[in-house]
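Input: a single structure, listed below in structure tokens.
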Amino acid sequence: MAEIVVAATMPHILMAPGGIEERANRVLAGMREVGSRIADVRPDVLLIVSNDHLFNLDLTPPASFLVGVAEHYAPFGDMDIPRAPAIPGNAEFGRALTASARTAGVDVALLESVTPDHGIMVPMLFANPERTIPMVPVYVNYMRNPAPEPGDCWRLGEVIGEFVRQSRPADERVAVLGTGGLSHWVGYDEQGINETFDREFLADLAAGNARRWSLETNESIERLAGNGGLEISNWLIAAAAANAKGGDYNFYVPMPEWMTGMGGMVLAES
Amino acid sequence: MTAQCSPELENMVLQLFRNPDVLHEVRTNPEGYFEKLELNDEERQALREATFSSLDRIGLHPILRMHYMLAVNPGLAEHVTVKDYLPQLIREADRG
């Protein structure tokens, strides 16, 4: 059976460091560490969980989850992210995963083409800096009404893990990266963060208690951590896929100047 | 209760970073473009004010509010960027 050789989580934004260089450098160090854990194991496939920020999809996409099945991905280029080179995909993996997930009852659609925005590309700067590892993007559709709940996301993660371990070639080595978060409010004038929430979430993941967050609701998460805080479900997908029993490494830097609690973790697998 | 965003407004903002012509129009001839799209007075006023609160008032999706603000606020665009890190990250990638 194939193996998830590394599972991790990290933010998917960066902002200008002016005036806050010390904390910005701590964020960068954390993202480097998490990214290097993925890049250094040279996986055959990097499955990356994120959400489109309306640079590709509109407000009526077709399913709760979408899986990229392109052979190459040219970045959208937002946030001054270089558009070249393109990143190779693995269409066969994406199609097989989608079929497996549908069989398991997951509401998932194929995404034939997409130009990944910062939600994919900022982590790629660290986890796939030479853009040579084939990636399979898995998008969580928070635009859907109702959006997938944390429990739905946890279930997708379990399905991904089962798919890799039971259906993939024995020598295939897969990395899973959940991205986004932590607390942030997008599109509001008074945009703060919730450091208490962020640290509680990180502590639970580090202690192997990620599953309890699958019982939360989008309503409660959004109230406490913002509409951007819903992205913790991207992390839950990675944790569920890996059967994570804790965290080997984690970092957290509150960055109110970036309107985001910036955290990441390398998950310890069972 | 937040207003419902008109399809014309929603599509305009969705296209801001997908269609260079739309971005150009909004940046160089906003009033003419709003007139062409037949946006109502409330929408035009909110777009002129260009705050997250004004865009919330007319029912624009939170992420699309960010798109509009990035398009019309150069200071915000200079803040929400990775360019300060690229030279260092590229050097590190080249070193392998």
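Taking a Cβ cut-off of under 15 Å around A:Leu97, the surrounding Lys, Arg, Asp and Glu residues balance to a net charge of -2, with basic ones at +1 and acidic ones at -1. Shielding by partners for peptide A:81-92, expressed as the average number of C-beta atoms from other protein chains within 10 Å of each residue's C-beta, is 1.
Let a ≥ b ≥ c be the square roots of the eigenvalues of the Cα gyration tensor of the stretch A:1-75; is it rounded (a/c under 1.5), or, if not, prolate (a/b larger than b/c) or oblate? Because a/c hits 1.5 or more and a/b fails to exceed b/c, the stretch A:1-75 counts as oblate.
Each other residue within a Cβ distance under 9 Å of B:Glu8 adds +1 if Lys or Arg and -1 if Asp or Glu, for a net charge of -3. Sparse packing (at most 14 other Cβ atoms within 10 Å of the Cβ) combined with a DSSP loop state is found for the following GluC sites (Glu not before Pro) in the stretch A:140-198: A:Glu190. What you get for the protein assembly as shown, charging only the Cβ of Lys and Arg (+1) and of Asp and Glu (-1), is a dipole of about 880 debye around the Cα centre.
Shielding of peptide A:116-124 by partners, expressed as the average count of other chain Cβ atoms within 10 Å per residue Cβ, is 1. Pull out a ≥ b ≥ c, the square roots of the eigenvalues of the alpha-carbon gyration tensor of the stretch B:19-86, then state rounded if a/c is under 1.5, prolate if not and a/b is larger than b/c, and oblate in the remaining case. Verdict is oblate for the stretch B:19-86.
Across the stretch B:5-96, C-alpha contacts under 8 Å between residues 6 or more apart give a mean separation that, scaled by the residue count, equals a relative contact order of 28 percent.
Shielding value for B:67-73 is 1, the average number of Cβ atoms from other chains within 10 Å of each residue's Cβ. In the protein assembly as shown, a dipole from Cβ-located charges (positive for Lys and Arg, negative for Asp and Glu) runs towards its positive end, and of A:Ser214, A:Ala175, B:Gln88 it is A:Ala175 whose Cα lies farthest in that direction.
Sequence-distant contacts, meaning Cα pairs under 8 Å at least 6 residues apart, place the relative contact order of the stretch A:168-270 at 37 percent. For chain A, modelled as a Gaussian network with Cα springs under 10 Å, which listed residue fluctuates most, A:His53, A:His72, A:His184? Among A:His53, A:His72, A:His184, the largest GNM mean-square fluctuation belongs to A:His53.
Shape analysis of chain A places it in the rounded category; the axes a ≥ b ≥ c from the Cα gyration tensor give an a/c below 1.5.
Here, each number is a calculation from the coordinates, and none is a lab measurement. All of these numbers come straight from a predicted model, not from anything done at the bench. Note: ideal-geometry Cβ built from the backbone for every residue, glycine included; neighbour counts use all protein chains shown.
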